[in-house]
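Since the structure comes first, as structure tokens, the remarks are kept for the end.
The values are calculated or read from the model by the stated rules, or taken from the named source; none is laboratory data. Here the structure is a predicted model, which is why all the values come from computation and not from measurement. Please note: Cβ atoms are built from the backbone with ideal geometry, for glycine as well, and neighbour counts cover all protein chains shown. Quick note on the areas: whole protein, heavy atoms, side chains included, nothing else; ligands and nucleic acids left out. Shrake-Rupley method; radii C 1.70, N 1.55, O 1.52, S 1.80 Å.
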Amino acid sequence: MLNDLSSPAALAATRRSGKPRDMVAPGPDEAQLRRILTAAMRVPDHGKIAPWRFVVIGAEQREAFAALLERAYRVDKPAPTPREIETLQQFAHQAPVLVAVLSTPNVERPIPLWEQELSAGAACTAMLYAAHAEGFVGGWLTSWAAYSPEVAEGLGHPGARIAGFVFLGTPGKEPEERPRPDFDSIVSRWNG
Ligand SMILES: Cc1cc2nc3c(=O)[nH]c(=O)nc-3n(C[C@H](O)[C@H](O)[C@H](O)COP(=O)(O)O)c2cc1C
């Protein structure tokens, strides 16, 4: 079922993250995922660099992804506990669809690195809104894995930073609303 698209503001006002561990099938099918990823490619991108890459980790690759996480985890912690291994497995297998978003700036170009990295964050956010518009829920997680050079390399992008893992699916339970910032404490008018 599509979410309320009666206005862009309605769409934005109703987006909430889902907990990836609570997500169930169906997730976006190939056509829906293509639309979601295409929307994410339309984010502002100073210099037309496309400083991001999206790596879809399909259902049949989740076991290999779990193995990659375990190898990477063991670099810093050679003897993980069974509980830690279970957490890695759970992370790798949760939610019907998983997309790793990598920040892949081009430092030869005269666009500040910060701007290129912001664009990767924007791509994650755009993915969440597009998924919401398609009737799904999304969750953007990093965890230690996003900071592991071994994981980035294992995903085919050595040297890149991982902006996040975006999980997509159907909420197994209604996502909880959380307190939102107070408008006036965030927004001010500059008086010169
Ligand atoms: C860059 C980034 C990384 C995040 N990583 C995690 C994470 O590893 N674990 C987690 O529970 N939430 C993480 N979050 C928070 C969730 O994505 C989400 O924003 C939060 O649950 C609030 O939900 P909301 O989007 O409905 O406000 C992260 C958010 C951002 C922006």
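Ligands, DNA and RNA aside, residue 157 has an accessible area near 50 Å² when probed at 1.4 Å. A Förster radius of 35 Å, combined with the Cβ-Cβ distance separating residue 49 from residue 173, puts the computed FRET efficiency at roughly 0.35. Rounded to the nearest 20 debye, the dipole magnitude of the chain is 180 debye, with +1 charges on Lys and Arg beta carbons, -1 on Asp and Glu beta carbons, and the Cα centre as origin. Given the options 141, 152, 181, identify the residue whose Cα lies farthest towards the positive end of the charge dipole of the chain (+1 on Cβ of Lys, Arg; -1 on Cβ of Asp, Glu). Result: 181, furthest along the dipole toward the positive end.
Placing unit charges on the Cβ atoms only, positive for Lys and Arg and negative for Asp and Glu, gives the stretch 90-175 a dipole magnitude near 100 debye about its Cα centre. Between the beta carbons of residue 77 and residue 161, assuming R0 = 30 Å, the FRET efficiency works out to 0.90 to the nearest 0.05.
Between residue 61 and residue 7, the contour length at 0.36 nm per residue exceeds the Cα-Cα span by 15.7 nm.
Using Cβ point charges alone (K and R +1, D and E -1), the dipole size of the stretch 33-114 about the Cα centre works out to roughly 320 debye.
For the stretch 86-178, the alpha-carbon radius of gyration amounts to 1.18 times the rule-of-thumb value 2.2 N^0.38 Å expected for a compact globular protein. The fraction of all Cα pairs in the chain landing in successive 10 Å bins from 0 to the largest distance is 9, 32, 34, 20, 5, 1, given as whole percents. Here the accessible area of the stretch 16-173 is 56 percent carbon and sulfur, with a 1.4 angstrom probe and all protein chains present.
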